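Report on the following structure.
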Amino acid sequence: MNIRKLLFVFTILVTGQIFGQAFNVTYPFTSVTTATGTTDPTAVPTAAGVTFGSFVSVGASVNPNATTRFSFTGFDTGAVNGSDTFTGSINTSKYYEVTITPQSGFQIDINSITFTLQRSGTGIRQYAVRSSLDYTTNLPASISPANANLSVVATNVFQVVDASTGANTGSLVTLGAAYDAITSPITFRFYGFCAETNTGTGGFQGNLIFTGESISVIPE
């Protein structure tokens, strides 16, 4: 066995890592109807070494407001039509959540989340993402690709231009080193707030994407 092969075997034995496999999985919400309740019935995505849970709505209305959209009413108000003045704040009892679990013998790195926000004419104007690693801090937010209807304001809060309704692409959460080598279930929560009325909607339209890598490890 040559030196290069010996070094390769030594690295595997020391780190416990055999291989990594990138994932880029999509939640399409295609099976959602106005009668499917608070759990998205669409088949969950799959990737080697990872179990993806279903999206769940907590604290808002009992059913989605439209088909193929995971979008509900009942969010807290705090925005006025035609104004960029906000009097509301995040309500930690109203959110969408999903749990991602490394399978036995695997650890995972989670790199990013991208999604399209759907909002009705009186729906939520602000939203933020947190995780079970720290439910008190918003995750890093940015807009990519650029979208004139969306911006990021203080403390990593996404904000929607008042006149914008329907689906807006570009919400991006970029995760750092704390989301590498995850070995236990992790939950992400998406909070909507500052709606113009509590009958306004806010949620996901089209594809929500998680990117990352699953890494097989040698059992100890």
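Before anything else, pin down the relative contact order of region 91-216: Cα pairs under 8 Å, at least 6 apart, normalised by residue count, whole percent.
For region 91-216, the relative contact order is 47 percent.
Nearest 20 debye, what's the magnitude of the dipole of region 128-220 about its Cα centre given +1 on Lys and Arg Cβ and -1 on Asp and Glu Cβ?
Computed charge dipole of region 128-220: roughly 160 debye.
Once the piece of chain linking residue 144 and residue 30 is laid out straight, how much longer is it, given 0.36 nm per residue of separation minus the C-alpha distance between them? Display every interim value, and only then the final one.
Working: separation 114, 0.36 × 114 = 41.04 nm, distance 2.35 nm.
Taking 0.36 nm per residue and subtracting the Cα distance, the gain is 38.7 nm.
Taking the Cα atoms of region 76-123, report the difference between the largest and smallest coordinate on each principal axis, in whole Å and largest first.
Over region 76-123, Cα extents along the principal axes are 52, 22, 16 Å.
With viscosity set to 0.890 mPa s at 25 °C, what whole-number translational diffusion coefficient in µm²/s follows for region 39-159 from Stokes-Einstein and a Kirkwood radius over Cα pairs?
The calculation lands on 150 µm²/s.
Solvent-accessible area per residue for the chain at a 1.4 Å probe radius, Å²?
46
Dipole magnitude of the chain about its Cα centre, charges +1 at Lys/Arg Cβ and -1 at Asp/Glu Cβ only, in debye to the nearest 20?
220
On a full-extension model of 0.36 nm per residue, what is the gain between residue 183 and residue 51, subtracting their alpha-carbon distance, rounded to one decimal in nm?
Extra length from residue 183 to residue 51 when fully extended: 46.3 nm.
Tally Lys/Arg at +1 and Asp/Glu at -1 over every other residue whose Cβ is under 11 Å from the Cβ of residue 164; what's the total?
Combined, the nearby Lys, Arg, Asp and Glu give +1.
Each label point is 7 Å from the Cα along the Cα-to-Cβ direction; what then is the distance between the points at residue 134 and residue 151, in nm?
About 2.5 nm separates the two model spin labels.
Quick check on packing: order 89-100, 71-82, 133-144 by the mean number of other C-beta atoms within 10 Å, highest mean leading.
For the peptides 89-100, 71-82, 133-144, the packing ranking is 71-82, 89-100, 133-144.
For the chain, give the percent of accessible area contributed by carbon and sulfur heavy atoms, probe 1.4 Å, rounded to a whole number. Each step should come with its number before you reach the end.
On the way: 5540 of 10020 Å².
Taking all protein chains in place, the chain shows 55 percent carbon and sulfur surface.
If you take every residue apart from residue 213 with its C-beta less than 14 Å away from the C-beta of residue 213, what net charge results, scoring Lys and Arg +1 and Asp and Glu -1?
-2
Residues with beta-carbon under 11 Å from that of residue 83, excluding residue 83: net charge, scoring Lys, Arg +1 and Asp, Glu -1?
Net of charged neighbours comes to -2.
Can you give the extra length, in nm with one decimal, that the chain gains between residue 81 and residue 162 once fully stretched, where that is 0.36 nm per residue apart less the Cα-Cα distance?
Fully extending the segment from residue 81 to residue 162 adds 28.5 nm.
With everything on Cα atoms, drop me the angle between helix 3-15 and the longest principal axis of the chain, reported from 0 to 90° to the nearest 10.
Its long axis makes an angle of about 50 degrees.
The values are calculated or read from the model by the stated rules, or taken from the named source; none is laboratory data. Not measured: the values here are computed from a predicted model. Here Cβ is always computed from backbone atoms with ideal geometry, including for glycine, and neighbour counts include all displayed protein chains. The area values use the complete protein model at the heavy-atom level, side chains included, leaving out ligands, DNA and RNA. Shrake-Rupley method; radii C 1.70, N 1.55, O 1.52, S 1.80 Å.
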